[in-house]
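Quick notes on the structure that follows.
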Amino acid sequence: MHLPELPGVLSGDQVRQTVGWIADQQDADGALPWFRGGQLDPWDSVEAAMALDVGGRHDRAAAAYRWLAARQRPDGSWSAEYRAVAGTYTETSPAVESNHAGYLAVGLWHSWLTTGDHGLVSELWPMVRRGLDLVTRMQLPGGAIGWALRPDGAPDDLALLTGNASLFQALRCGVALAAAVGEPQPDWELAATDLGTALRTRPDAFADRSRYSMDWYYPVLGGALTGGAADDRLAEYWETFVVPGLGIRCVSDRPWVTGAETCELALALTAAGRPDDALEQVAAMQHLRDDDGAYWTGLVFADGKRWPIERTTWTAAAVVLAADALCGTTGAAGVFADPAALPPVDADEEFEPRPG
């Protein structure tokens, strides 16, 4: 299989090695944790499965999705964290979080674009539908989506910008999947319309977590900001977060660069039509690469020490996804970089406004 490669930065063989390392962390039953024996969360597991599909390990990616599908709760949610106990992953977080509920839609749409496996889409569609139905029930007045459900089942009125930007992409992927299986979901279209408007025009609808780089670039990465708005957003905090030659800070006031955030910024830059800048960021974070193709999570550049002392599947996956977005190797490369791969971003012009 032809794999993404970035001349002078990453060869196809290096990408293959990284994908192989991700696969080696996976359990026989399909569980895809941060690293073998480590914790597992649904969002990061989906991201790692997407990288497996890019690398041609479609059976492994499908196993990861089926593992999640088998553990979906009746309300459409997943535990925010699973940990291995006596060799079996069990729920360790009772919270119902919207971001985890929605992201399978992105993974399954990515899988469809990569493999054309209609059987897998049909098999997992009910889980996607339950997850996104839950997400729409958690939408607040004004369009933002609460980060979690309260014990009484009502959505918490705290909305997180990064999570909402990711959910904007998830809803759009869900709309695309719904069209593919012939089951239109107008409520998701309306939810995406309102959420997109909130992300573009209502910054006060979201908690202030501007210290974190993800809140900076995720509205671009998730597709809510495009064109000049995306350029303005990326320029606004460039010097705050970008450390030349090393990647980007995870937190603005800490001397700590992280590989996943750097590659996600590269995805956002690619989506914004800045592939040269994106390539520069992927190149800058290669100091985190290990000899077996894994990637360390981050580096405290003030003292040159890696921290935390862990190598994560989601960091490695972000590298693979960024490489694919830059190369356009697979049919799914446009999930982040090509608006034509998803329903229109200006959904306000396509759908009726949500009443009230």
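Report the FRET efficiency, 1/(1 + (r/R0)^6), for Arg83 and Asp204, where r is their Cβ-Cβ distance and R0 is 35 Å, rounded to 0.05.
Working: r = 36 Å, r/R0 = 1.04.
Plugging the Cβ-Cβ distance into 1/(1 + (r/R0)^6) gives 0.45.
Measuring r between the beta carbons of Ser11 and Asp59 and using R0 = 35 Å, the FRET efficiency lands at 0.90. Peptide packing: for 21-27, 216-222, the average count of neighbouring Cβ atoms within 10 Å per residue gives the ranking 216-222, 21-27, highest mean first.
Note: relative contact order over region 177-272, using C-alpha pairs below 8 Å and six or more positions apart, is 25 percent. Once backbone amide H atoms are built at 1.01 Å from N, Ala148 has Ser98, Asp156 as its partners under 5 Å, excluding neighbours fewer than 5 places away on the same chain. Under 5 Å between amide hydrogens, built in the peptide plane, is the criterion, and for Arg306 it picks out Val300 among residues at least 5 positions away or on other chains. Rounded to the nearest Hz, the phi-derived 3J(HN,Hα) couplings of region 232-244 under the Karplus curve 6.51 cos²θ - 1.76 cosθ + 1.60 (θ = phi - 60°) are 5, 5, 5, 6, 4, 10, 4, 6, 5, 10, 7, 10, x, where x marks glycine and proline. For a label point 7 Å from the Cα of Asp292 along Cα→C-beta, name the residues of region 317-339 whose backbone N is under 19 Å from it. Residues 317-320 fall inside that zone. Rounded to whole numbers, the Karplus 3J(HN,Hα) couplings from phi for region 249-254 are 5, 7, 10, 4, 9, 10 Hz, using 6.51 cos²θ - 1.76 cosθ + 1.60 with θ = phi - 60°, and x at Gly and Pro. When the square roots of the Cα gyration tensor eigenvalues are ordered a ≥ b ≥ c, the ratio a/c for the chain is under 1.5, which makes its shape rounded.
Using C-alpha pairs below 8 Å separated by at least 6 residues, the relative contact order for the chain is 18 percent.
Run the dipole for region 24-138 about the Cα centre, Lys and Arg Cβ at +1, Asp and Glu Cβ at -1, nothing else charged, and hand back the magnitude in debye, nearest 20. Could the numbers behind the result be given before it?
Working: 10 positive and 15 negative charges, 36 e Å.
Dipole of region 24-138, to the nearest 20 debye: 180 debye.
Looking at the square roots a ≥ b ≥ c of the eigenvalues of the Cα gyration tensor of region 1-111, which shape do they give, rounded for a/c under 1.5, prolate if a/b is larger than b/c, or oblate? The shape class here is prolate. Under a 5 Å amide H cut-off, with hydrogens placed 1.01 Å from N, Trp256 pairs with Cys250, Val251, Phe301 among residues at least 5 apart or on other chains.
Quick note: the coordinates plus some simple rules give every number you see, no bench work behind them. Keep in mind it's a predicted model, so treat the numbers as computed, not measured. Neighbour counts are summed over all protein chains in view; Cβ atoms, including those assigned to glycine, are modelled from backbone coordinates with ideal geometry.
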